[in-house]
Amino acid sequence: MTRLQDIPVNTEITGLDAECNMVDAVLHELKQLLDAYLSSGETGVIDIKSMPLSATDYDSLKQRLGNGEISATASLAGDTEIYETALSGVWWVVHRNIDDRVLAEQLEVGRIPAILCAHDDDIRVARERL
Amino acid sequence: MNSPAVQRAENAFVEFIDGPITSFFGSCVHCGLCAHACLFYEETGDPKFTPIYKLEPMKKVWKQNYTFWGKLLHKFGLSKPLTEEDLKAWEPLLYDSCTMCGRCSMVCPVGNDISYMIRRAREAMVASGYAPEGLKQATLRAATIGSPMGIKLPALKAKIGHIEEETGLKIPMDIEGADYLALLSSNEIMMYPEYIGAIAKIFKHAGVTWTLSSEAYEATNSGLQIGSSDIAGELVQHVVDAAEKLKVKTVISPECGHAYTAIRWEGPNLIGKKFDFKVKHILEVLDELREQGRLKTTGLEEAALTYHDPCQLARRGGVVEQPRRLLNMVAADFREMDEHGVMNWCCGGGGGVSANERAADWQLIAFNKKKSQVQALGVNTMVTACANCRMVLEEGIEENDIQVEVLGLTELLADYLDTK
Amino acid sequence: MAENDNLGNLLARRGISRRTFLKFCTALASSMALSPSMVPAMAESLAKAKRQSVIWLSFQECTGCTESLTRSSQPSIESLIFDFISLDYHHTLQAASGFQAEEAREQAMAEHKGKYLLIVDGSIPVAENGVYSTIAGMTNLQMLEDAAKGAMAIVAVGTCAAYGGLPKARPNPTGAVSVTDLIDDKPIINIPGCPPIGEVITGVLAHFLTFGAIPELDTVGRPKAFYGETIHDRCYRRTFYDQGLFAETFDDEGARKGWCLYKLGCKGPVTYNSCATTKWNQETSFPIESGHGCIGCSQPDFWDMGGIYEAVSEPLTDLRGPAVTAVVAGAAAGVAVAAMNKQSKQSAKDRHFKVSSETLDEELKK
């Protein structure tokens, strides 16, 4: 417990850019999503963009997850970058629009990110074209 | 039925709880940061000295009158009413352990001006009769004689006679159309009359005209300290009348802290009228003269010295740079205390504490902060610009038996005037 | 486009793949704070959504809300949805004018009775029977009452429609009121803001199209997905607040270092909106990011809550805790409370006990 005398009158600028322990929280959640996938085959997603990550947090998370074997770029009204992290089954997905603005940034857990899969409706259109 | 004292207190609380105060109470997050800003808490470690806690009676009334649940509970008789015991218990907290130095207001993370709240809470205390006897007597003397120390005009004239003899300068009285009307504080007249000689010398040197008024020579405002806007307003009115009668453009507040707050900041609000003249602290006037090249000094004080910021001047009044510029004209070795300017520590005797004999012990305990600050610097001279600070500091120095001399900045400047 | 055409077909015609659509939906879900796991189902459902008739009524307003909506970047789910709906009446955007425009409105109201979505921006003046604002000779009040009857739901876009807005600011000469003040028999979604964020407007429309129902609302009628958290809680400067680091003026060191603007009057702590996450102008920034505090524009009565540069004092509208009761009781109760406070203060002044030399003297003699 913080005692009254431990609360400073003058605050000092310290550790503003420091990690806020968000990285550990994300890694912990990934662990749970991997467990869920292994036990039930259920895929999972973590929305990175809506998390209050500091720049340091973000870089550190990227570094901790590393790069895996696969990377892909999808042209979907703006580029979508997908790469597998050093952890198999954990994918880093960044959706951008035509102006290169990030629309969504996610960590997906599963064999393959949903965005890479073709949709039946589109396959049907393809069939009609032949 | 409540006792008349409680009724009066309750009524005054409601009257003086304004927009800012309701929002201050509403936004207080109970963080306790104000405790560490308070001289009395810092030197004793006693949680009852936490500034916001000193406002509990006022908070009670606020709750019952301005909050949804408070009103509801009050209606059903479920809230604790304000009692005579509350007033009795909080009187020392509001008067003896608060100098209205305003340091707590600086650190409050949600911006609550606690000092302002104390000032207004005292309105209710004095209305209910729960104010310290010493302060009541001083206020009575101020209201009847015009001076909290009871200095009547003949006594002032006698002092002036001595000064005129010493300096060989005429001390002007009731001169119509002078540039400045100088006000004095009781302490200056009684204990530090050198101040009067000093301004006479400086003004002659600078070539400006000035005067005292036989009808309003004191700026000390006990009404503000005891928390009575009625009396504070009356005292301000005396000065306004004198200034208008003598047709001066500028009134000079003396080396006194609360006098400055009273006349400069609260004044027009107290009498409900804009002043036709300007009010400046003597240091502001001197700094202006310096800037205009009309204040020239020669030689330097060699002894290491520091400057004690009077709270009302620096923190509440914004006069921070002026004394430093002035000091640098005459001091060879000016050292700043660790916390100075707007974050200075109070001498321990402002806001009516020094006039309240009951508070003498607490005042001395509070002095320890200043003592350690000065000793850390290793200086033996402390300059200030408030006669009350000066007196309180000297009392502390004497009691602690340490070797420190206290000087008024105006006198120091007068000593180094270039008279060629 | 045929009546029972769906969004999926529109996509196909535009050459937009379902992958791209999934991407849009992902972005939408992220901005609505919906669980990312819902995205595939949402995309499926939205693709099947039928074309929706929308009637947009503009009353006492500045067209800022429409501007905000039409400024969203292209192509996006926002523009897509905006293209998809059948905007049957919007007097700023429609090509028709005069009686033809009004005819289009009446026709849509008759044809889609009970099924159209009514969007309102601007407050409705009710003083003097509503003569302060009329369209084609009809008062706003009359037009709203008529159009509301056949609406499936009403969306009040902007603070004016949602809470009365600037026209309602004291002394409110036109007697401006909000949609909720007049209509009580239809579901109403408030999307306040001055203006509201374009993405939020379309996000709500998308939600409506996807789920066929109105989203979960807070006590003042705002979708929780976008108005669930305060600006302050999601502000990137929050860390400075927590550390007690505040800008004291707009040009001091703290301001330059980007410290918390609380003391400069930022209303972030009491304002529920998603500016801090969704941001403005193609996600470029939001007011606090440009160095100015939040003015609280998505809160009821923000314009009468004291100065923009005064530190948050009396809470604007606290949606949690005891104040909820007061909010539900409505604005009238709030006015009454304020009046009571004023009254007790005045009577306290009347009963003022004057401290004088006589009273002090008497006390000292005791």
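The values are calculated or read from the model by the stated rules, or taken from the named source; none is laboratory data. These figures come from a predicted structure and were not determined experimentally. Virtual Cβ from ideal backbone geometry, glycine too; neighbours counted across all protein chains shown. The area values use the complete protein model at the heavy-atom level, side chains included, leaving out ligands, DNA and RNA. Shrake-Rupley method; radii C 1.70, N 1.55, O 1.52, S 1.80 Å.
Observations, loosely collected:
- Test for C:Lys50: is it open to solvent by less than 10 Å² (accessible area, probe 1.4 Å), basic (Lys, Arg), farther than 30 Å from C:Ile124 by Cα and in contact with a strand residue (DSSP E or B) (Cβ under 8 Å, 6 or more places away or on another chain): no
- Of all residues making up segment A:97-130, the number that are of a type in the set (Lys, Arg) and not in a loop (DSSP other than H, G, I, E, B): 3
- Qualifying residue in segment A:94-101 (condition: open to solvent by less than 20 Å² (accessible area, probe 1.4 Å) and more than 7 Å from chain C (Cβ to nearest Cβ)): yes
- Hits in segment B:351-365 - residues which are in contact with a Ser or Thr (Cβ under 8 Å, 6 or more places away or on another chain) and either modelled with pLDDT of 95 or more or open to solvent by less than 10 Å² (accessible area, probe 1.4 Å) (or both): B:Gly351, B:Gly352, B:Val353, B:Ala359
- Failed criterion for C:Ile16 (all others in (1) part of a helix (DSSP H, G or I); (2) at the interface with chain A (Cβ under 9 Å from one of its Cβ atoms) hold): (1)
- Scanning segment B:189-207 for residues that are within 26 Å of B:Val392 (Cβ to Cβ), touching a residue at least 40 places away in the same chain (Cβ under 8 Å) and among the hydrophobic types (A, V, I, L, M, F, W, C) yields B:Ile189, B:Met190, B:Met191, B:Ala198, B:Ile199, B:Ile202.
- Here C:Gly114 meets the list (1) small (Gly, Ala, Ser); (2) touching a Phe, Trp or Tyr at 6+ places or on another chain (Cβ under 7 Å); (3) modelled with pLDDT of 90 or more almost entirely, failing just condition (2).
- Any hit, segment C:9-22, residues being touching an Asp or Glu at 6+ places or on another chain (Cβ under 6 Å), modelled with pLDDT of 85 or more and surrounded by fewer than 24 Cβ atoms within 10 Å (Cβ to Cβ): yes
- Applying the criterion of at least 3 residues that are under 30 Å from B:Ala37 (Cβ atoms) and open to solvent by less than 10 Å² (accessible area, probe 1.4 Å) to the strands (runs of 3 or more DSSP E) found wholly in segment B:218-330 leaves B:305-308.
- All of B:Lys88, B:Lys152, B:Lys136 fail the test of being under 20 Å from B:Cys256 (Cα atoms) and out of contact with any helix residue (DSSP H, G or I) (no Cβ under 9 Å at 6 or more places or on another chain), apart from B:Lys152.
- Subset of segment B:28-85 (residues that are part of a helix (DSSP H, G or I), open to solvent by less than 60 Å² (accessible area, probe 1.4 Å) and hydroxyl-bearing (Ser, Thr, Tyr)): B:Tyr41, B:Tyr66
- Counting only helices (runs of 4 or more DSSP H) wholly contained in segment C:207-321, the ones carrying 2 or more residues that are away from chain B (no Cβ under 14 Å) and over 24 Å from C:Ala29 (Cα atoms) occupy C:253-256.
- If the condition is being in a helix (DSSP H, G or I) and under 20 Å from the mean Cα position of the chain (by Cα), then segment B:398-410 contributes B:Leu409, B:Thr410.
- For beta carbons closer than 8 Å, sequence separation of 6+ or different chains, a first residue in segment A:47-65 that is free of Cβ contacts under 8 Å to residues at least 24 places away in the same chain and a second that is open to solvent by 30 Å² or more (accessible area, probe 1.4 Å) and not β-branched (Val, Ile, Thr), the qualifying pairs are A:Ser50/C:Ala33.
- Members of segment A:119-130 found to be open to solvent by 60 Å² or more (accessible area, probe 1.4 Å) and within 22 Å of C:Pro36 (Cβ to Cβ), listed by number: A:Asp120
- Unique match (being within 14 Å of chain C (Cβ to nearest Cβ) and either in a helix (DSSP H, G or I) or crowded, with 18+ Cβ neighbours inside 10 Å (or both)) among B:Pro109, B:Pro154: B:Pro109
- Residue within segment B:186-193 that is touching a Cys at 6+ places or on another chain (Cβ under 9 Å) and open to solvent by 10 Å² or more (accessible area, probe 1.4 Å) present: yes
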